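Following: one structure in structure tokens, then a few remarks.
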């Protein structure tokens with residue numbers, strides 16, 4: 001087959017020379033460009049925050065929000081003179097939601113960009129793969145994902161993700177207090193966060209007077225879950241508690257409707273508002289989701305802030321400070337992850353200012369000493385023994401009413 | 001010479017390009033093995049990632065879980081992968097063309113699912129962390145540059161072995177099968193047996209690549225050995241020149257460096273990378289090795 005595509009005669013001498021020179025020039029240019037990339041951005045007068053994000057691949061929806069939240073915070077800080085007089089620079093690298101690409105991205109930001117700290121997205125495997133050498137380099141990692149596994153890696157990592165038990169508490173509490181449903185089916189995807197939730201979901205059910213009648217698994221890219229839902233229905237489940245994020249939530253909603261399960265409700269994990277809206281359009285008032293205060297209400301920043309703990313003026317101010325520029329720039333786009341990204345940069349700035357240093361170890365120690373910090377997405381309270389910052393449940397159970405996310409009463 | 005120059009430049013300058021070249025060397029090993037099966041034998045396998053997973057998880061479990069020496073973990077994982085390839089390949093190698101491709105693809109998916117679901121062994125999506133760097137008899141290669149040196153040496157050894165196989169009786173039989181299976185059979189070559197042998201050898205290479213990846217990165221999870229690995233290795237193989245000795249290595253290096261060249265383009269990076277790949281496949285159909293062969297051909 002290939003034989004037909006090849007010329008029957010070889011090139012003449014001039015052609016060979018020309019091709020060789022062209023190849024040589026290309027390779028030389030490649031080497032120069034690679035060297036330039038490796039040496040890029042060594043400016044000394046900026047505070048560099050590196051972020052490995054899944055801008056493509058399965059984590060794209062959430063991680064793009066994370067990126068925009070980071071940039072919003074950087075813009076706000078720069079408007080006030082930056083961090084310790086240095087301009088805040090967000091360096092974003094796409095890890096394609098793959099651990100291998102995440103490692104290259106982290107290495108590039110460490111060696112070429114010489115970042116002061118990392119503030120990365122929700123691709124757990126990518127962050128875990130990089131955690132060992134980031135810890136050795138003594139650069140703090142602020143993460144959207146769960147913490148890495150090894151204690152020596154955890155020492156340099158700070159998670160801005162609410163602990164999985166909070167999702168379970170919020171949903172189980174709602175079922176116990178507001179509904180007659182006592183039999184529940186768990187629909188679980190295999191991601192690390194969902195697996196952690198599964199353990200809590202099983203253990204906590206009896207404490208809320210609930211019975212787990214079915215545990216079914218699915219993959220995030222499954223095109224339907226009819227079989228799993230059928231088994232849950234046969235076991236008498238009145239509610240599907242979904243442990244996992246992404247477009248599969250809409251798939252589950254559609255399947256519940258297609259199967260005619262008119263009494264079954266769906267309670268989704270924390271996720272992007274766009275997904276909640278789509279699922280709600282399918283299931284109507286039988287679709288529930290969880291979100292933090294900043295995700296509810298769309299009449300404007302003040303109304304959203306009012307959903308927060310009214311006694312906490314600092315929380316209300318933090319939500320307003322984030323939402324005003326966010327809404328101006330991105331309109332109705334979901335705020336769940338972006339607000340926590342924004343908070344992470346603000347907390348980082350506070351720590352660096354307190355430490356009066358941009359060195360990794362000083363910033364790490366300062367983050368552990370900041371104490372309770374009221375952010376737009378939650379309250380964070382890191383310490384040397386507590387590297388999962390959210391210690392108070394920030395979630396409300398919500399529904400869409402008249403097309404608007406509303407706290408379910 | 002260019003390769004030596006590039007390696008010297010990266011070794012001297014350090015930085016993240018050490019990681020990029022390290023991964024390229026690992027893929028060089030993987031693709032050299034795949035090339036034996038696809039390039040020389042003319043068979044299609046979409047499931048080599050399965051054997052890389054066996055190598056990666058074998059190394060992780062033996063070295064991180066049980067404190068084995070990296071070399072011992074590497075060798076035992078290769079043996080397990082070879083045995084698995086023998087057992088699976090015995091019935092599968094009787095298939096041809098699309099059926100063989102589908103069967104091997106299914107093998108890749110099965111092992112991927114196992115790595116996700118058998119979390120008691122593989123830790124599922126949580127991944128396996130704390131895998132030690134390459135080393136021997138208690139001496140670890142502590143720096144990335146030392147590891148890169150070792151990876152390049154292993155890759156060159158793999159290429160040398162492949163070259164030896166290619167010019168052996170075994171290699172000639174494989175090429176005869178690639179030309180025409182009925183004709184090879186008529187010449188007395190036991191086609192299924194030779195195909196199986198090539199499959200096993202390719203699996204052993206893939207397993208070595210998986211082990212090296214685990215040692216180099218220190219962490220593995222199922223995503224590492226998913227479909228993207230298959231797509232990337234095919235890209236490398238065709239870019240470098242399938243059926244040539246140095247093609248897989250050249251493809252691995254170029255396909256690893258190209259994204260870095262375009263990194264400054266940010267969101268356009270993937271588009272630029274894809275455009276260059278398409279142009280190369282159109283205008284250099286025999287791969288880079290083919291191009292160099294044309295350049296080296298004596299002018300008429």
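Structural remarks
- If you check B:286, B:251 for being surrounded by 15 or more Cβ atoms within 10 Å (Cβ to Cβ) and facing chain A (nearest Cβ under 8 Å), only one passes: B:286.
- Criterion: under 24 Å from the mean Cα position of the chain (by Cα), part of a helix (DSSP H, G or I), at negative phi and touching a residue at least 60 places away in the same chain (Cβ under 8 Å) - qualifying residue of B:256, B:274: B:256
- The requirement of being within 12 Å of chain A (Cβ to nearest Cβ), in contact with a helix residue (DSSP H, G or I) (Cβ under 7 Å, 6 or more places away or on another chain) and within 26 Å of residue B:171 (Cα to Cα) is fulfilled nowhere in the range B:260-269; no residue meets it.
- Some residue of the range A:134-150 being outside any helix (DSSP H, G or I), touching a helix residue (DSSP H, G or I) at 6+ places or on another chain (Cβ under 8 Å), within 11 Å of chain B (Cβ to nearest Cβ) and under 19 Å from residue B:228 (Cβ atoms): no
Per-residue answers, yes or no, for (1) without any contact (Cβ under 8 Å) to a residue 12 or more places away in the chain; (2) surrounded by fewer than 16 Cβ atoms within 10 Å (Cβ to Cβ); (3) out of contact with any strand residue (DSSP E or B) (no Cβ under 9 Å at 6 or more places or on another chain):
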| site | (1), (2), (3) |
| --- | --- |
| B:3 | no, yes, yes |
| B:10 | no, no, yes |
| B:32 | no, no, yes |
| B:41 | no, no, yes |
| B:44 | no, no, yes |
| B:63 | no, no, yes |
| B:72 | yes, yes, yes |
| B:101 | no, no, yes |
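- Test: residue in the range A:216-224 that is surrounded by 20 or more Cβ atoms within 10 Å (Cβ to Cβ) and more than 21 Å from the chain's Cα centre (by Cα): no
- Filtered residues of the range B:116-145 (kept if in a helix (DSSP H, G or I) and touching a strand residue (DSSP E or B) at 6+ places or on another chain (Cβ under 9 Å)): B:117, B:122
- Residue in the range A:156-175 that is surrounded by fewer than 21 Cβ atoms within 10 Å (Cβ to Cβ) and without any contact (Cβ under 8 Å) to a residue 24 or more places away in the chain present: no
- Some residue of the range A:91-108 being within 23 Å of residue A:336 (Cα to Cα), in contact with a strand residue (DSSP E or B) (Cβ under 7 Å, 6 or more places away or on another chain), part of a loop (DSSP other than H, G, I, E, B) and more than 8 Å from chain B (Cβ to nearest Cβ): yes
- Top-ranked residue in the range B:123-138 [being more than 11 Å from chain A (Cβ to nearest Cβ) and modelled with pLDDT of 85 or more; ranked as farthest from the chain's Cα centre (by Cα)]: B:135
- So residue A:187, is it away from chain B (no Cβ under 14 Å), touching a strand residue (DSSP E or B) at 6+ places or on another chain (Cβ under 9 Å), outside any loop (DSSP other than H, G, I, E, B) and surrounded by 21 or more Cβ atoms within 10 Å (Cβ to Cβ): yes
Let's see how each residue does on (1) assigned to a helix (DSSP H, G or I); (2) under 16 Å from residue A:161 (Cα atoms); (3) modelled with pLDDT of 95 or more:
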position	(1), (2), (3)
A:310	no, no, no
A:345	yes, yes, yes
A:349	yes, no, yes
A:376	no, yes, no
A:393	no, yes, no
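- Screening residue A:359 on (1) within 25 Å of residue A:72 (Cα to Cα); (2) touching a strand residue (DSSP E or B) at 6+ places or on another chain (Cβ under 9 Å) shows it passes everything except condition (2).
- Residue, farthest from the other protein chains (Cβ to nearest Cβ), within the range B:215-248, restricted to residues that are within 25 Å of residue B:161 (Cα to Cα) and assigned to a loop (DSSP other than H, G, I, E, B): B:245
- A single entry from A:240, A:282, A:227 fulfils the requirement of being in a strand (DSSP E or B) and more than 22 Å from the chain's Cα centre (by Cα): A:240.
- Filter result for residue B:29 (under 18 Å from residue B:237 (Cβ atoms) and in a helix (DSSP H, G or I)): yes
The values are calculated or read from the model by the stated rules, or taken from the named source; none is laboratory data. Bear in mind the structure is a predicted one, so any value in this text is a computation, not a measurement. Cβ sites come from the backbone with ideal geometry, for glycine too, and all protein chains shown count toward neighbours.
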